[in-house]
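Heads up: the structure comes next, in C-alpha cells.
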Amino acid sequence: MSSGKITERDADLITNFVLENGSGCSPGRKYKMTHTLVSARQFVPAYENLTLSDLLEGIDSIKTDKKPDGSDLFTRNTQIDYIRAVKRFVLWLVDEGIIDIPEKKIRSTVKTPAYRSTKTNEEMLTEEEIRNMLEECTNARDRLLFPCSMKVLSGWVKLQI
C-alpha cells in the first residue's frame, strides 16, 4: 500500500481472499497469490470498482504489454498465472457480492490458456546425448537410476533404452 500499487480496500480484499482460499497452502503459495494479485492491480482499476470491460482490458494488457526493449513484459507462463489468479479472485469478488459482473460473462470471456512447454527443441537432449550418458553409467545402480532421473528431468519423456 505504501508504494501506491493498491488501495487499503484492495489490501483488505486480497487478504480476505488469501485467508479463505489459501487454507492448506504453504506460506510460499500464499505469498505468490498475494504478490500476483498486488502486481496484477497495475492493469486494472481498484478491485471493488472493477467492470467487465476493465477486466478484459487488463487481461489484454497482461498479454500484450512490453518492456522498454520491446520484449514481452511477462513470459507466457507468467501471463497464464496472472490471468488465472485474477479470474479466480474476480469470481470470488462476485461471489462475495463486492462487484456486480455476471459470473457467466467472466467464465465465458476470460479464457485461461493451458501451459506450454518452456523448453525449445534446441534445449532438449538428443537421443544420442542420452545414449552417451547411459554408456557412462558403469555400475548397475547408475544404470538403474539413470532412466528414473531422465524421466524427472525431461518432463516424463518416454525413453526407449
- Query: For helix 76-95, what angle does its Cα long axis make with the longest principal axis of the chain, in degrees from 0 to 90 and rounded to 10?
  - Reply: 40
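Take the Cβ-Cβ distance between residue 48 and residue 112 as r, set R0 to 25 Å, and report the resulting FRET efficiency rounded to the nearest 0.05. Working shown, then result.
Details: r = 23 Å, r/R0 = 0.91.
In this case the efficiency is close to 0.65.
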- Task: Enter the accessible area per residue of the chain (Å², integer; probe 1.4 Å; all protein chains in place).
- Result: 67
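When N counts the residues of the range 43-135, how does its alpha-carbon radius of gyration compare numerically with 2.2 N^0.38 Å, as a ratio?
Working: Rg = 19.0 Å, N = 93, 2.2 N^0.38 = 12.3 Å.
Working it through for the range 43-135, the quotient is 1.55.
Counting only other residues whose beta carbon sits under 12 Å from that of residue 51, what net charge do I get with K and R as +1, D and E as -1?
Details: positive: 105; negative: 48, 54, 57, 100.
Result for the neighbourhood of residue 51: -3.
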- Query: From Cα coordinates alone, what are the radius of gyration and Dmax values for the chain in angstrom?
  - Reply: 21.6, 66
- Query: With the Cα gyration tensor of the range 52-91 giving a ≥ b ≥ c as the square roots of its eigenvalues, does the rule (a/c under 1.5 for rounded; else a/b larger than b/c for prolate; else oblate) give rounded, prolate or oblate?
  - Reply: oblate
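Take every Cα pair under 8 Å in the range 10-123 that's 6+ residues apart, average their separations, divide by the length, and report that relative contact order as a whole percent. Don't skip to the answer; put the middle values down first.
Details: 82 pairs, mean separation 27.2, N = 114.
Relative contact order, the range 10-123: 24 percent.
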- Task: Return one number: the angle in degrees, 0 to 90 and rounded to the nearest 10, between the long axis of the Cα atoms of helix 8-21 and the longest principal axis of the Cα atoms of the chain.
- Result: 50
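Would you mind finding the longest exposed-site-free stretch of the chain, with exposed GluC sites (Glu not before Pro) meaning DSSP loop and at most 16 other Cβ atoms within 10 Å?
That gives 1-95 as the longest site-free run.
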- Note on the structure: Each label sits 7 Å from Cα toward the beta-carbon; between residue 123 and residue 26 the label points are separated, in nm, by 2.1
- Expected 222 nm ellipticity per residue - DSSP helices of 4 or more, -39500 (n - 2.57), all of the chain, to 500: -18000 deg cm²/dmol
- Note on the structure: Each label sits 7 Å from Cα toward the beta-carbon; between residue 103 and residue 136 the label points are separated, in nm, by 5.5
- Query: Quick one: how many lysine pairs in the range 1-143 have C-alpha atoms under 18 angstrom apart, if they're 8 or more apart or on different chains?
  - Reply: 8
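The values are calculated or read from the model by the stated rules, or taken from the named source; none is laboratory data. Nothing here was measured: the structure is a model prediction, and the numbers come from that model. Note that we place each Cβ from the backbone using ideal geometry, even for glycine, and neighbour counts take in every protein chain shown. The accessibility values were calculated without ligands, DNA or RNA, using every heavy atom of the protein model including side chains. Shrake-Rupley method; radii C 1.70, N 1.55, O 1.52, S 1.80 Å.
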